Amino acid sequence: MDYAVLTGIVLVAGVVLALVAQWRDWRPPLIVAILVGVAVRVLIMYTSAIDTWQPVDFVESFKPAGEAILRGEDPVLASEGGWHFLPTIPYVYGILLWLGIPWEYAGRLVTVVADIVLIPLVAKLAGGPKASLRALQYALNPLAVLIACVHGQVEPVALVFGVAAFVVARGPGDPDRPGLVTDVVGKFRRGVAAYGVRASIPRVIGRGGMLHRALLPGPGDSADLRRGALTGLLMGLALCAKSWPIWLIPGMLLLLPNLRSRVAALFTTGLVPIFFLVTLPIFAGTSLDQIPAVIHTIQDIRPIVGEYGWTPWFTGGDWALRPDLASFGTNLIYVSVIAVILYWRRADPIDMTTAILLVFMVMTPRLGAQYLLWFMPFLVARPTRFAWPAILAASFWAGYGYLYMTQFDVNTWWLQHSYWSRASIVLLPILALAMPWGRRIATAPPLARTGGLPAPTRVKSPA
């Protein structure tokens with residue numbers, strides 16, 4: 001990498017400025033945070049585009065996907081399995097290439113624009129008097145700059161739609177309230193206590209029961225349905241960019257006001273990927289008999305481990321096909337996510353989502369550096385006690401790989417990789433500490449938005 005020193009200086013200066021802003025409690029206008037983010041990203045995008053070193057997947061997977069769209073071919077099949085997602089982003093790649101923009105810029109323009117849009121969305125996600133401070137801190141986030149501007153990975157695209165879905169789901173100043181898990185479980189328990197098991201089940205699922213009443217139209221229901229549908233549309237677009245935003249869906253549902261809006265959100269969330277799938281013959285030139293092969297390629301994830309976390313210590317720090325480790329780690333993720341949802345079921349849905357994403361990073365058997373960006377907008381918007389140690393540790397580990405290891409030839413790179421990948425285990429306890437352990441229960445605002453009545457008092461979580 002030719003511009004590693006310049007990039008490193010910009011990133012370190014940004015971190016220092018973000019920490020000083022935290023210390024001095026700076027709250028600049030939002031436009032200032034956006035302009036700072038634009039300046040940093042445009043500079044690093046330019047130096048990365050003219051660099052002689054380019055990321056392997058950026059050249060060998062992303063570019064062929066865009067070129068396939070130009071040829072009227074399916075990007076999943078035409079790029080020999082290099083693109084494992086729906087062709088939503090390759091459509092944009094194809095348009096930019098068709099306009100004559102060089103790939104080194106076109107491939108990064110998609111992610112840089114998305115990451116810039118994330119800056120005001122982080123402010124919206126944070127809310128309150130420090131919203132612009134959080135926007136500035138995300139604008140200077142070193143990992144976000146590396147992923148969007150240097151690597152051109154599509155995580156910012158998935159995040160811009162995912163975070164926008166959270167902003168829409170929460171609505172304008174909604175009060176904190178019990179989420180879907182707490183609401184359903186609590187009503188079911190009260191039904192059991194009042195009527196017994198046999199009587200409570202019909203009252204939950206039968207005609208006139210809790211679920212039946214929840215699905216009936218009510219006052220202001222059309223507005224809630226539109227909100228749920230728009231939320232689902234945004235989350236569906238996030239899933240069209242990559243598959244991992246599925247972990248954002250529980251928090252999205254908790255932010256919506258009622259069961260009907262949640263059903264609408266789930267419906268539109270699933271409808272958007274289906275639309276892009278069934279329109280492949282129209283927009284990507286995919287024949288109908290090729291669609292099963294496309295679905296198989298998208299779902300097929302090779303069990304490559306050894307890049308990050310605990311698995312490199314079983315592989316000597318090298319990549320390896322280890323189905324045993326991949327299967328064990330995947331099951332560990334499922335169990336951990338369920339535990340997190342139950343533990344944070346009364347928390348702010350953003351805090352619960354942060355916990356889900358962080359526990360994924362701790363338990364996962366396989367990960368690329370770009371995955372560490374998943375939790376950044378949420379952790380920056382609502383920082384925990386160990387948020388900055390986690391941000392700095394993740395950014396330093398990724399920066400070492402992007403800026404330092406790229407200075408060497410292939411053999412030396414692999415030697416460095418064996419140490420770098422195993423060193424990532426140090427991140428796991430830091431990321432675990434960064435989870436919102438002190439925020440298991442959402443604190444209600446002084447006044448509810450509707451009616452001006454006092455909000456319910458905070459209650460202790462049941463043992």
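The values are calculated or read from the model by the stated rules, or taken from the named source; none is laboratory data. Owing to the predicted nature of the structure, the values given are computational and were not obtained by experimental measurement. FYI the Cβ positions are ideal-geometry reconstructions off the backbone, even for glycines, and counts take in every protein chain you see. Calculation scope for accessible area: heavy atoms of the full protein, side chains included, ligands and nucleic acids excluded. Shrake-Rupley method; radii C 1.70, N 1.55, O 1.52, S 1.80 Å.
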Considering only segment 397-415, how many residues are without any contact (Cβ under 8 Å) to a residue 12 or more places away in the chain and either under 17 Å from W313 (Cα atoms) or charged (D, E, K, R) (or both)? 2
Can you spot a residue in segment 32-48 that is more than 16 Å from I116 (Cα to Cα) and open to solvent by 20 Å² or more (accessible area, probe 1.4 Å)? no
I'm trying to understand the selection: among the residues of segment 135-145, which are in a helix (DSSP H, G or I), more than 20 Å from A49 (Cβ to Cβ) and either of a type outside the set (A, V, I, L, M) or at pLDDT below 95 (or both)? Q137, Y138
Taking the options L118, L96, L70, L86, name whichever one is touching a Leu at 6+ places or on another chain (Cβ under 8 Å), under 22 Å from T7 (Cα atoms) and not small (G, A, S). L118
L17 closer than 26 Å to V110 by Cβ, open to solvent by less than 70 Å² (accessible area, probe 1.4 Å) and either in a helix (DSSP H, G or I) or polar (S, T, N, Q) (or both): no
Expected single match for part of a helix (DSSP H, G or I) and in contact with a Phe, Trp or Tyr (Cβ under 9 Å, 6 or more places away or on another chain) among L332, L248, L271, L254 is L248
List the helices (runs of 4 or more DSSP H) inside segment 22-99, counting only whole elements, that have at least 1 residues being touching a residue at least 12 places away in the same chain (Cβ under 8 Å), of a type in the set (K, R) and farther than 30 Å from D289 by Cα. 30-49
For segment 228-238, which positions are open to solvent by 40 Å² or more (accessible area, probe 1.4 Å) and in contact with a Leu (Cβ under 9 Å, 6 or more places away or on another chain)? L233
If you take the residues of segment 374-397 that are outside any helix (DSSP H, G or I) and not basic (K, R), which of them is most open to solvent (accessible area, probe 1.4 Å)? F386
Residue under evaluation N258, criteria (1) touching an Asp or Glu at 6+ places or on another chain (Cβ under 9 Å); (2) in contact (Cβ under 8 Å) with a residue 60 or more places away in the chain, criterion not met: (2)
Residues satisfying the stated conditions in segment 328-338, i.e. in contact with a helix residue (DSSP H, G or I) (Cβ under 8 Å, 6 or more places away or on another chain) and over 18 Å from A390 (Cβ atoms): G329, L332, I333, V337
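Per-residue answers, yes or no, for (1) in contact with a Pro (Cβ under 9 Å, 6 or more places away or on another chain); (2) hydrophobic (A, V, I, L, M, F, W, C):
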{"residue": "L11", "(1), (2)": "yes, yes"}
{"residue": "Q22", "(1), (2)": "yes, no"}
{"residue": "V40", "(1), (2)": "no, yes"}
{"residue": "L43", "(1), (2)": "no, yes"}
{"residue": "Y46", "(1), (2)": "no, no"}
{"residue": "F62", "(1), (2)": "yes, yes"}
{"residue": "A65", "(1), (2)": "yes, yes"}
{"residue": "Y93", "(1), (2)": "yes, no"}
{"residue": "I101", "(1), (2)": "no, yes"}
Subset of segment 279-300 that is under 18 Å from A241 (Cβ atoms) and out of contact with any helix residue (DSSP H, G or I) (no Cβ under 7 Å at 6 or more places or on another chain) - its residue that is surrounded by the fewest Cβ atoms within 10 Å (Cβ to Cβ): Q299
Of the numbered conditions (1) open to solvent by less than 10 Å² (accessible area, probe 1.4 Å); (2) of a type in the set (F, W, Y); (3) more than 18 Å from P142 (Cβ to Cβ), Y334 fails exactly one; give the number of that condition. (1)
Taking the stated definitions as given, is L121 farther than 26 Å from I295 by Cβ and either at pLDDT 95 or above or touching a helix residue (DSSP H, G or I) at 6+ places or on another chain (Cβ under 8 Å) (or both)? yes
Which residues, taken from segment 257-268, are part of a helix (DSSP H, G or I) and open to solvent by 30 Å² or more (accessible area, probe 1.4 Å)? L259, R260, V263, L266, F267
Test Y419 against the criterion of being within 20 Å of Q153 (Cβ to Cβ) and in a helix (DSSP H, G or I), and give yes or no. no
All positions within segment 209-223 that are surrounded by 13 or more Cβ atoms within 10 Å (Cβ to Cβ) and either at pLDDT 90 or above or not in a helix (DSSP H, G or I) (or both): G209
For the subset of segment 151-166 comprising residues that are assigned to a helix (DSSP H, G or I) and among the β-branched types (V, I, T), which member is farthest from Y105 (Cα to Cα)? V163
Taking A33 as the residue in question, decide whether it is of a type in the set (A, V, I, L, M, F, W, C), within 22 Å of the chain's Cα centre (by Cα) and within 21 Å of I391 (Cα to Cα). yes
The one condition in (1) open to solvent by less than 60 Å² (accessible area, probe 1.4 Å); (2) free of Cβ contacts under 8 Å to residues at least 12 places away in the same chain that E307 fails to fulfil: (2)
Kindly provide the set of residues from segment 274-314 that are in a helix (DSSP H, G or I) and small (G, A, S), ordered by number. A293
Yes/no for A148 being open to solvent by 10 Å² or more (accessible area, probe 1.4 Å), outside any loop (DSSP other than H, G, I, E, B) and at pLDDT 95 or above: no
